[in-house]
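Here's the structure we're looking at; comments come further down.
Every number here is computed from the coordinates shown, using simple stated rules; none is lab data. These numbers come from a predicted model, not from an experiment. Note: ideal-geometry Cβ built from the backbone for every residue, glycine included; neighbour counts use all protein chains shown.
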Amino acid sequence: MITLNLLSPATNQDRAAIIELLTSQNLPTADLPVSLANFLVARDPDIINGTVGLELYGTIALLRSLAVAPNQQGKGLGNLLYQAAINLAKDKGIVAIYLITNTAEAFFTRQGFMKVERAAVPEAIRQTSQFTTICPVSATIMCRKIN
């Protein structure tokens with residue numbers, strides 16, 4: 001059960017803590033957007049225990065940087081962050097969310113994502129640094145339509 005973790009929009013003051021958390025989970029930080037407007041954090045009360053972000057490209061988005069601090073894993077915080085990201089996507093009029101993963105295919109399959117061939121990925125996503133340089137070609141690309 002999750003206790004004391006409050007979800008809120010990320011601010012620029014959260015950048016260093018987000019980078020530290022992502023680095024601890026071996027997730028990329030070099031291409032973290034200047035604006036964290038579409039990032040969320042979980043605080044307990046002043047420590048960031050989790051984060052997730054969306055990069056918006058018209059009516060599609062790239063889900064990225066879903067990370068939970070090791071001492072908070074297994075308590076449902078990842079699911080909470082994921083659901084908050086889906087709600088944010090709906091609020092922004094997103095119709096499909098893409099992601100690139102090396103390690104979390106099973107988690108995202110349970111969330112309704114399906115594997116997508118690289119050639120079928122929309123151009124806007126294919127031009128992201130996640131797609132072109134940061135994630136290996138062997139990474140799994142997944143998509144979920146938003147109702």
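Observations on the structure shown:
- Exposure proxy ranking, count of Cβ atoms within 10 Å, fewest first, for Tyr98, Tyr82: Tyr82, Tyr98
- The P(r) of the chain has a tail past 19 Å containing 49 percent of all C-alpha pairs.
- Rounded to the nearest 10 degrees, the inclination of helix 15-24 to the longest alpha-carbon principal axis of the chain is 70 degrees.
- Charged neighbours of Ile97, selected by a Cβ distance under 11 Å, balance to +4 (K, R count +1; D, E count -1).
- Amide H within-cut-off set for Leu66, under 5 Å, with H built and near neighbours excluded: Gly53
- For the chain, the longest principal axis of the alpha carbon atoms and the long axis of helix 77-91 meet at an angle near 60°.
- Cross-link pairs Lys90/Lys145; Lys90/Lys115; Lys75/Lys145 - those with Cα-Cα distance over 18 Å: Lys90/Lys115; Lys75/Lys145
- Within a straight-line Cα-Cα reach of under 18 Å, Lys92 can be paired with the following aspartates and glutamates, leaving aside sequence neighbours fewer than 8 residues apart in one chain: Glu55.
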